[in-house]
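As structure tokens, the structure follows; a few thoughts come after it.
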Amino acid sequence: MLTQEKIDQLALQIGGELAVEIVRFLLENGENISEFLIAEKLGISINQIRKTMYLLQENNLVSSMRKKDKKKGWYIYYWTFSNIQAHTLITRMKQERISNLKKRLELETMTNYFTCKKGCIRMAFERALENNFTCTECNSILKEVDNSKRIKIIKEELGLLEAPEKVIEEPEKAEAAA
Ligand SMILES: [Zn+2]
């Protein structure tokens, strides 16, 4: 499900704070929104808008239509936000995050890590052995790291990401079920 929060996050990753503002404005105002209207309402320049829009367009998150201003002789762009593409991108980003977390989890579970008291560097057993269990930064002795906390955090995030989305039940349905 597309929530405002998810759309904001997506826009932020692609085009920064300005992209969040512009996308919100497009969502509130419908299709084919003139760049001049965006510039006027948000108090930003046409150049700033175009720069941000190109970033969003590269990801197919917005589409544009251009029309020639007959009086002034220049082109004006009209922008529309794509819900379908946003949904696809959000799903893809979530899948990537899950797969990265799974890789990290496997690594953390399979590897014994070592570090010194100060925590200068974390190294796997083989590298610690090569260095005679001595920190390459401060020369103090390396001890095995308890990474159970790290593993727990990864598992928790995975649990949240893989949980089915909560669907808010419509009042009519709730009544019918009762
Ligand atoms: Zn050290």
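Taking the DSSP bridge list for the chain and keeping only pairs wholly inside it, about 100 percent are antiparallel. Using the Cβ of S82 as centre and a radius below 13 Å, the other residues enclosed give a net charge of -2, where K and R count +1 and D and E count -1.
In the chain, helical runs assigned H by DSSP with n ≥ 4 each contribute -39500 (n - 2.57); averaged across all residues and rounded to the nearest 500, the mean residue ellipticity at 222 nm is -19000 deg cm²/dmol. All C-alpha pair distances within segment 98-162, sorted into 5 Å bins from zero, spread as 4, 19, 24, 18, 14, 12, 7, 3, 0 percent across the bins. Over the chain, with a Gaussian network built from C-alpha contacts below 10 Å, which listed residue (E108, E165, E35) shows the highest mean-square fluctuation? Answer for the Gaussian network model of the chain: E165.
Just to confirm the number: angle between the C-alpha axis of helix 83-110 and the first principal axis of the chain, 0 to 90 degrees, nearest 10? Taking the Cα atoms of the chain, the angle to 83-110 is about 0 degrees. Report the residue, chosen from R24, R92, R127, that carries the largest GNM mean-square fluctuation when the chain is represented by alpha-carbon nodes joined by springs under 10 Å. Sorting by GNM fluctuation, first place goes to R127. Oblate is the label for the chain, because the ratio a/c of its alpha-carbon gyration tensor axes (a ≥ b ≥ c) is 1.5 or higher and a/b is not greater than b/c. Counting only Cβ charges, +1 for Lys and Arg and -1 for Asp and Glu, the dipole size of the chain around its Cα centre is about 740 debye.
Read-outs throughout are calculated quantities, based only on the coordinates presented, and are distinct from any laboratory measurement. No experiment lies behind these values; they were computed from the predicted model shown. Glycine gets a Cβ as well: all are built from the backbone with ideal geometry, and neighbour counts include every protein chain shown.
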